[in-house]
Amino acid sequence: MELKTFGKSMCHINLSTGQMDMRPAPEEWVRKYVGARGLGVRYVLEAGPTVEPLSSENLLCFVNGPLTGSETSMSGRWACVTKSPLTQTVTDSHQGGWTGARLRWAGFDGLIIEGKSDSPVYLFIEDGQIELRDATEVWGKGIHETVAFFRDRYGKKNLSVNAIGPAGETLCRYAAWVNEDDRAFGRGGTGAVGGAKNLKAIVIRAGIQKSRDLDSDAWKKVRRNALDGIRDERNITSPKKGGLSVYGTNVLMNATNTIGALGVRNSQRTSFGDRAEAISGEYVEQNILVADPTCHACPVACKKEVEVTEGPWKGLHMESVEYEPAWSLGANCDNDDINSIAKMIDQCNDLGMDPIELGNALSMYMEATEEGWLDDEDAGLAWGDTQSMVDLIEAIARRDGVGDLLAEGPARAAETLGHPEIAMACKGQAVAAYDPRGLKGMGLGYATSNRGGCHLRAYVAAAELGVLQGVEADPLAWKGKGELVKIFQDLHAFSDSLDLCKFSAFAEGAEQYAEQYSVARGEAFSADDVMATGERIYNLERYYNNLAGFVEGSDKLPARYTEEASTDGGSKGHVSELTEMLGEYYQVRGWKDAVVPEDKLRELQIP
Amino acid sequence: MLVNFHATLRAIVGEKTVDLAIPEGSCAIELARHVAERWPALADQLLDDEGEISGRVQLMIGGRNVRWLPDGSATRIAAGDVIDIFPPTAGG
């Protein structure tokens, strides 16, 4: 493997004709947009920003970063980039595990997929070859059964299976791709784009290959520097010592609960009180944790594998109980039963659905039920009714009954019910587990995210929760958040394009990213280049969205966050000062409201 | 005074909530020093080289990190205040 050749091995696959071509990415694109997220967005732009997401013309791009598959710490990532059927924006989602690395080891940097197959197919990839094969036998099956099917057929050794489930096949707008049973391209409905193309799975068989560049002293030095930071006991990434490693992402539950940034009952309240403990990372670690699996090249091991030992789902063995679904299907739905949450996360893994969007759809429906806004024949859903939630999740994936409505996502479903105000969504995608009244910067991040409501585009919570020494910010202050959000968005746009795990930013920064990318690229690349490139990628996405119809006034939060005061915790009495923050933000971005002006495009050499 | 410990700090203290014998009206830094004295394994995380509250923990009174309160580590703890101490937490 030669890192300096990244982008040369892009396979273009037309599912309508079965034609496949190896075409290198234009060098200019790789130079300007790096790989993974950035390069994928540049490809998707080629299909035109007004393309119908579920049409055969939409591109479905699976793209590695230049570091994917190398021994770089936390590099076991790749990106799925397409136009989202949920938001109508460009979207990118990232997956951990081993699949991206195996794609590289099999000889490919990315798959650019267009068209639509007449019948269900899967891609089989091995040793520089890609074949389209019949997937009729697994169409309709859950992801767990699909993975088992391919393991039976091809053997378990060196095999990765990335598949859609029934939710993708029925075009649920928040369907996901899931690999190796439980690592997902979770957000934005990329699984529905696969379903619309009759593409069931990508099966890759490839053993580990070492990068030749790792023989260089320069590479060893920069890799060691980054790894030392990850292992530093002062950082939450420190293996077996840092909070992220010991408790996983759910180490956050008690913190956001305490500061009043944990939405409860569809964000009607801002803290779960004493009940948060029962769904926290500490509780999981003490009661149901059985293992700490990890992704390729990651010493952190933030995944938390559990076994349910009591109740109706006794015996369930699954990974991973994460903070986001523990909130979306837990506190957000007034549910403090961690066993039921494990069950529902496993349903999402098997049916192929985004649990954040799902939890928001359920909580919206619960509020509509409580308010009496449903038709008489609709039974509705009570807060915290876990068995009914489990049943409804299955119905959503199959689009049975009211499941058909909720498969459209909370924003469309609430609109249909005549109450769009109870969808906690931005640009059609639901928000995540950080209430904007208790973490003001996260609210601005949701509103200005290029893929709809999203906590990861600008994970400014790292500053607001005090994780990054020297970059701390008061979570309840709004001043300065415009610039802070821009910095985080640009930095993450770059790291998502390398493609390193988001959590690397808890131990690394632009300097470390630049050092590693310099060696991979074979020429000097500075920390300033990291930030400038990240800015270009963020603006490219915004340019796409502007062309897709997202113009002035499109960066918004649900009124609940700007008009209804926080009820509990440290943020009690606060609302989001979104208008003020947007003013700051647009100024530092150099945008005219939500729109990138021509001079900014020229300055950044977009597209 | 009831103090809640979280995540890796709880693993050292051994329980979630501890009743500490600290005089009413004590301030946040006095609480931090008391905790550091009782659990020396926490001292490095709680206090910096100057003996002030370290940036590596969030000592919260009523859900607010004292760092962001007007009196900072000198903030007085009133009867009934809920006290929480967190190590750095993030994820998502």
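A few notes on this one:
- Hits in region B:48-62 - residues which are within 14 Å of chain A (Cβ to nearest Cβ) and not β-branched (V, I, T): B:D48, B:D49, B:S54, B:G55, B:R56, B:Q58, B:L59, B:M60, B:G62
- Here region A:546-569 is the region considered, the condition is being outside any helix (DSSP H, G or I) and among the hydrophobic types (A, V, I, L, M, F, W, C), and the residue that is surrounded by the fewest Cβ atoms within 10 Å (Cβ to Cβ) is A:A565.
- Where helices (runs of 4 or more DSSP H) sit wholly within region A:419-532, those with at least 2 residues that are open to solvent by less than 10 Å² (accessible area, probe 1.4 Å) and within 12 Å of another protein chain (Cβ to nearest Cβ) occupy A:440-448, A:461-464.
- If you go through region A:385-410 and keep only what is outside any loop (DSSP other than H, G, I, E, B) and in contact (Cβ under 8 Å) with a residue 24 or more places away in the chain, you end up with A:T386, A:Q387, A:M389, A:V390, A:L392, A:I393, A:E394, A:I396, A:A397, A:R398, A:L406, A:P410.
- The residue of region A:26-41 that is nearest to the chain's Cα centre (by Cα), among those that are touching a residue at least 24 places away in the same chain (Cβ under 8 Å) and not in a helix (DSSP H, G or I), is A:G35.
- Of all residues in region A:58-82, exactly one satisfies the criterion of being within 15 Å of A:V44 (Cβ to Cβ) and either out of contact with any helix residue (DSSP H, G or I) (no Cβ under 8 Å at 6 or more places or on another chain) or open to solvent by 10 Å² or more (accessible area, probe 1.4 Å) (or both), namely A:L59.
- Members of region A:365-383 found to be among the acidic types (D, E), open to solvent by 40 Å² or more (accessible area, probe 1.4 Å) and closer than 14 Å to A:N266 by Cβ, listed by number: A:E370, A:E371
- Hey, A:A175 of a type in the set (A, V, I, L, M, F, W, C) and out of contact with any strand residue (DSSP E or B) (no Cβ under 7 Å at 6 or more places or on another chain) or not: no
- Region A:255-277: number of residues that are outside any helix (DSSP H, G or I) and either surrounded by 22 or more Cβ atoms within 10 Å (Cβ to Cβ) or free of Cβ contacts under 8 Å to residues at least 12 places away in the same chain (or both): 10
- Enumeration of residues in region A:570-587 that are open to solvent by less than 60 Å² (accessible area, probe 1.4 Å) and part of a helix (DSSP H, G or I): A:G570, A:S571, A:L578, A:M581, A:L582, A:G583, A:E584, A:Y585, A:Y586
- Complete set of residues in region A:589-607 that are more than 26 Å from the chain's Cα centre (by Cα) and outside any loop (DSSP other than H, G, I, E, B): A:K592, A:E598, A:D599, A:K600, A:L601, A:R602, A:E603
- Residue within region B:16-24 that is touching a Phe, Trp or Tyr at 6+ places or on another chain (Cβ under 9 Å) and open to solvent by 20 Å² or more (accessible area, probe 1.4 Å) present: yes
- A:Y543 vs. criteria open to solvent by less than 40 Å² (accessible area, probe 1.4 Å) and at pLDDT 95 or above: no
- Within region A:14-25, not a single residue is open to solvent by 10 Å² or more (accessible area, probe 1.4 Å), outside any helix (DSSP H, G or I) and modelled with pLDDT under 95.
- Count of region B:63-92 residues, restricted to those that are within 12 Å of the chain's Cα centre (by Cα), small (G, A, S) and facing chain A (nearest Cβ under 9 Å), is 1.
- With respect to the conditions (1) open to solvent by 10 Å² or more (accessible area, probe 1.4 Å); (2) under 23 Å from A:R398 (Cβ atoms), A:R151 lacks only one, and its number is (2).
- You will find that of A:S245, A:S267, the residue that is at pLDDT 95 or above and within 11 Å of chain B (Cβ to nearest Cβ) is A:S245 and no other.
- Answer residue from region A:40-52, given it is within 19 Å of A:T68 (Cα to Cα) and in contact with an Asp or Glu (Cβ under 9 Å, 6 or more places away or on another chain) and is surrounded by the most Cβ atoms within 10 Å (Cβ to Cβ) among those: A:G40
- Unmet criterion (only one of (1) open to solvent by less than 50 Å² (accessible area, probe 1.4 Å); (2) more than 12 Å from chain A (Cβ to nearest Cβ); (3) in contact (Cβ under 8 Å) with a residue 40 or more places away in the chain) for B:T8: (2)
- Scanning region A:304-332 for residues that are free of Cβ contacts under 8 Å to residues at least 60 places away in the same chain and under 24 Å from the mean Cα position of the chain (by Cα), we see that the one that is farthest from the other protein chains (Cβ to nearest Cβ) is A:H317.
The values are calculated or read from the model by the stated rules, or taken from the named source; none is laboratory data. What you see is a predicted model; the values in this text were computed from it and never measured. Backbone-built Cβ (ideal geometry, glycine too); neighbour counts: all protein chains shown. For accessibility, only protein heavy atoms count, side chains too; no ligands or nucleic acids. Shrake-Rupley method; radii C 1.70, N 1.55, O 1.52, S 1.80 Å.
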